[in-house]
Every structure is written in structure tokens, then in C-alpha cells.
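Every number here is computed from the coordinates shown, using simple stated rules; none is lab data. Because the structure is predicted, anything quoted here is derived from the model rather than measured. Glycine also receives a Cβ, built like all others from the backbone with ideal geometry; neighbour counts cover every protein chain displayed.
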Amino acid sequence: MKQPEKGNALLTVSATAFALLLMVAFVGPFFLVDPIQQDLRHVLEPPLSPNHLLGTDALGRDVLSRLVSGARISLLVALVGMMGSILLGTIFGFTSGTKFKPLAWLSDRLIDMQMAFPYVLLAIVIVAAVGPSIPVLIVLMILAGWPSAARVTRSIVLGERAKDYVRAAELVGANQLRILTRYIGPTVVPAILVIAPLQAAAMIVMEATLSFLGLGVQPPTPSWGGILLEGKPYLRDAWWLTTLPGLTIALTCAVLIGLGQGISAKLTGNRRRRVDVLRDPLQGEDSGEKIQPSQEKGHPGRSVERK
Amino acid sequence: MRYFLSRVGQAAVIIFGIMLAVFVLLRLTAGDPARIKGQIFSSNEVIEEYRRQFGTDRGIFQQLSTFLVGLTQGSLGDSFRFQQPVTDIVLPALQNTLFLGLSALLLSLVFAVVLGTLSARTPGGWIAKLSTGVAIIGQSAPLFWVGLILISVFSVQLGWLPSGGFTSWNSLVLPSLALALTILPAQMRVLTASVRAEMTEDYVRTARAFGIKRWRIYFVHILRNASLPLLTVVGNDMGILLGGAIVAEVVFNFPGIGSLALTALTARDYPLVQGITIVAASTFVLVNLFVDLAYTLINPRVRVGGQA
């Protein structure tokens, strides 16, 4: 009898929950009333009222229907943003790990700068310049999200560089591109699998924040942040307009973080390999470095010494 | 000293780069503010007049040079909307934002030190559990939602604190609390880990053998050694604090640069947007510079090994 691995239960539960969420988001809207259908005779009805399980908003729109259809937008934007930021981050991570020093230096500095710059400020400038829309939102999220993925990739690439198999490949005369893609490339995959859900969670919060500020998804298209923004004036009279979408966001993030931890635990259990990237997605992956104060602070990207 | 100078130089280059980027980006892509200022059916003469007034009738390089010359005299141009120098509007707002950020930072540090140390002392105790709970909330609940919940509990239901604005020091409590919660988890985690690492050191045993009181060992002897990693986290928190302050200001209608930026954005007041971004980004770069330099002063190991 095989011992059930630790973390598998977490993985199963959170993966199921996430699959359920995706299904509700993408199939649910077909079974619910139109989320932008107004009904001015039934405004601000509390949850559990007839016909409206989660109540209605100030324009009589069904909150459940809006949340479900907002889930579709929010999840879609978050997933695209997650993939884009991981792709861009991986490219930069590998660039930072090249032997060609000026390129690596440039890539390091770009990571530092982008990591440090508050994304809300960036969003304000870009939206001021080109106006808010969903493609702009996705670009913003990719811009805000790639540095964390880049740093994870970078530290792994630099770690692998020093190993014997890479040295051997260099001795045999494999070129740098081949070494990076064929030899080091596969070693990055587990870490990416772990950070993907965490990145998605960060993206969901980011989308909600930007939409809440009016910089993201624009009304009447429902998104979780947008529903919160529209519910804000009714804080006193209609608690459900702000509490419910916020709770949805928090639960979704919790599920995604659980998914990341589950994947990490499974990978560690199976391969005895430490995939130590489980930090919070927004606040940097260098806690390991923080615990050893002897590392320099000025260059947070340099947690792994270059050989 | 060389390190000091190169850091200052780097900061200056970054600030200048940000200024140029913001200016060019906004001028190239932005709509015509004269059209927004004028009524829909304004005649072309009126629009032209506004353009002359705003200076947008000239080429981008001329505008840039006017802007740069103004900059050397400490001016960021005039706001289209408020018809006032941008600096007169932005600086008071910046001051409020800094108040907010600073009080949030202090609040989170106090919580991190108390909760982090106590949960390192008894792992698995109720304080450790409470801290984990707080950390989970801080990590997964978005700032603006926490803010809205705080408003509805403490100002709408209980009526203890004002829900927004900046009229008295009480107005700072809720926004700082919401903001502090976003940076607390990382601080707490790092402090707990480093306190736990310090606990087994010889000097702790010696201090205990000398009969020094427990709380004194924890909060004076251990804390002094354990707080260096915390300082690194605080440095990384600056970006989150500034970004978060913008969000918190909107939630609490707090008159800082964040709410000002959104007002300017909807009014398409480009000089104001530009001024705010430049001031905010420069503040941010300067604060980071300060943290870096402070870190080298406090931790000599960085100074020696810092060139690595």
C-alpha cells in the first residue's frame, strides 16, 4: 500500500475547486440571467430574495449573474496575464543567465527597476496615455508581473550553470543557446509549474485593483473589481455589493495559493528536489536571502552569486 | 564613499529617465486637452486659443525644452484644470501620502515585532496561530476590499472612526491599518524566522545565565540582531507601500497623490498627471536610495562584501 503523499490532498482539493470555478465561470453565464439587464423595480434587493439568490445592485442587476460573468472576465484576463508574464519573465530570466555579461547586466537592471516601480503608478501613466481597455489591462499586468517570474528563472539558471553537466556540455563545444534551451531549460519547468498559480493569484488581485480604480475593465462589462467599485457608494445600505465580490476574490486567491503549494509539495515529494519558490507572488521571492543578512541589499536580483 | 556616489548618480539617472519617458509618452499619445477644456461646439478659434494657452500648439521638442527649463526653476508647469502651478497642488498631496505611508509602516513594524517575536517564542501557540491567520488574510484579501470592510465595520456600523477624508489624526487610523496589513505578512515571516535562528545563539544563553529578564532578552538583545533581515524587507516594501497608498486613498477618499492622480486622469489634466507621476516616482527612488544607504551604514558586512 502506497503511503499517501503529503500535499496531495491539498493538491486534489484546490485543483478540484479551481476546475469547478473555471467551469462555473465559462459555462455558468449560459444558465443565468443577463448580467447587464437592468430592472429598476427591483433595486438593492438583499441576498436570498425571490429570483435573486445573491440580491441585486443599484440598477436591479442580478449580483450572482454579475459575479459569475465577472469571473469569466477576471479569470480570462488573469490567466492570459499570467502566461504572458511568465513567458516574458522566463525569457528575461534566461537572458540574465547568459554568459554575455552586458546583456545579463542590462536584464538584471531591468528586472530590478520594474520590480521596484509600483504598478499602480505605471498603470496611471499608461492609462492616461492610451485609455483603459482590456488589452491595455493585460499588457499592464504582464508588465507588472514578469519580474517575479524572471527572478525565479534567473536564480535557477545561475544555479545550474555551475553544475558539472553544463561544464561538460561547454567542454564538448555545445553553443550557449543550445546549453540554455536544451540543457538548462528543462530544469526550470518545475519551478514554473509552482509559480504559475501564485502568479495567477497575484494577477487576479491586480485586475481587481486596477478595475476598482477605474483603470481596468470598464462598465458595463462586469468584473470583480468593477462590481466592487460600483458597490462602494452603497456601503451603508447594501453590504452584499462589496462583501460578496471581495470574498470571491479572496477565496479564488486562496484556492490558487493552495494549488501552488500542492504542486510544490508533490514535486518535492516525488523528486526530492527543492522547489523553493513559495513566497508571496507580489512581494518577491528572495526571503531566503533576507534571512542571511550578509547578502548585499542594493541588488535584490543577485541572490545567487555569479560564478 | 564610491559606493555612495555611484548610488546617488544611479538614482539621478533613473529619475531623469522617468521624467523623459513620462513626458514623451503623454505628449505623443494623449488626446487634445484643449478639446476637452472647450465646449463640444467650440469654434476652432477658441480651441486654438486654449492650445496657445496650454502650449500644446508647438512641436514636442519645443514643449520638452520649455518643460526642462521650467524644471530647473523648480516648476512642473501649470495644471490645465486648476489653473495653478502643479507643484502647489502636488506637494501638499504628497505630504499626506507620506503621512499615510509612514504611519502604515510604523503600524506594521510594531505588529510584526510583537507578533513575530512572540510566535517565534512559542511556535504553535495561540499567538502564532493568530499571526498565521492575519498573514493569510493579508496575502489573499485585496487591500481595497479590506479597506471597504473596515469602513463598513468601524465607521458605518460602530461609528468609531471617520470613513474618509483627512480631517483629524483619527482619519489616518483605518487607511494605515488596511495598508499595514498588506506589508505585514512578509515582515512577520522574516522576523519570526530570524528570531528563531537567533534564539539558539550563545549570547542568548549567556544573557539568560546572567539572569536578564526574558522580555528584555527578546525585545532588546535578540531583536537587535534579528532586525537586519527585516530591514531588507522594509526596503522592498516601499514600492508596495506607495502603490498601496494610492489604492487606499481612493477607498478612503484620502487627499493624497493617488486620489489626485485619478482626478487628473479623468480631467485629462496632463501636466498634473505628469507632475504627480514624476514626483511620486522620484520620491520612490529617493526613499529606496535612502534605505540602501541606511542599510550599508547599519550593516558593515554589506559595505565590505557589497562589491560582489
Under-5 Å amide H pairs with A:GLY216, H placed in peptide plane, nonlocal only: A:SER211
Of the peptides A:207-219, A:15-27, A:184-196, how do they stack up when ordered by the mean number of other Cβ atoms within 10 Å, highest first? A:207-219, A:184-196, A:15-27
By count of other Cβ within 10 Å, fewest leading, how are B:THR72, A:THR243 ordered? B:THR72, A:THR243
Can you pull the mean other chain C-beta count within 10 Å for peptide A:252-265? 1
Can you work out the FRET efficiency for the pair B:VAL69 and A:LEU87, with r the C-beta to C-beta distance and R0 = 41 Å, to the nearest 0.05? 0.45
Stretchable slack from B:ARG214 to B:ASN253, in nm (0.36 nm times residue separation minus alpha-carbon distance): 9.6 nm
At 1.306 mPa s and 10 °C, Stokes diffusion of the range A:2-275 via Kirkwood alpha-carbon radius, µm² per second: 77 µm²/s
Students often get this wrong, so check it: of B:LYS129/B:LYS213; A:LYS266/B:LYS129; A:LYS101/A:LYS266, which have C-alpha atoms separated by over 28 Å? A:LYS101/A:LYS266
Quote the FRET efficiency, to the nearest 0.05, computed for A:TYR165 versus A:ARG109 with a Förster distance R0 of 22 Å and r equal to the Cβ-Cβ distance. 0.15
Note: B:ALA294 to B:GLU49 extended length (0.36 nm per residue) minus current alpha-carbon separation gives 83.1 nm
For A:THR56, enumerate residues with amide H under 5 Å from its amide H, sequence gap 5+ or separate chain, H modeled in the peptide plane. A:LEU44, A:GLU45, A:VAL63
Put a dot 7 Å past each Cα toward the Cβ at B:VAL134 and A:ARG236; how far apart are the dots in nm? 3.2 nm
Starting with the highest mean, order B:254-261, B:288-295 by the number of other Cβ atoms within 10 Å, averaged over the residues of each peptide. B:254-261, B:288-295
Report, as an integer, the average count of C-beta atoms from other chains found within 10 Å of each Cβ along A:239-250. 4
What is the average number of partner chain Cβ atoms found within 10 Å of a Cβ in A:232-238? 3
Neighbouring Cβ atoms within 10 Å as the yardstick, rank A:TRP240, B:TRP160 fewest first. B:TRP160, A:TRP240
Taking H as built 1.01 Å from N, whose amide H comes closer than 5 Å to the amide H of B:ASP78, not counting residues under 5 places away? B:VAL86
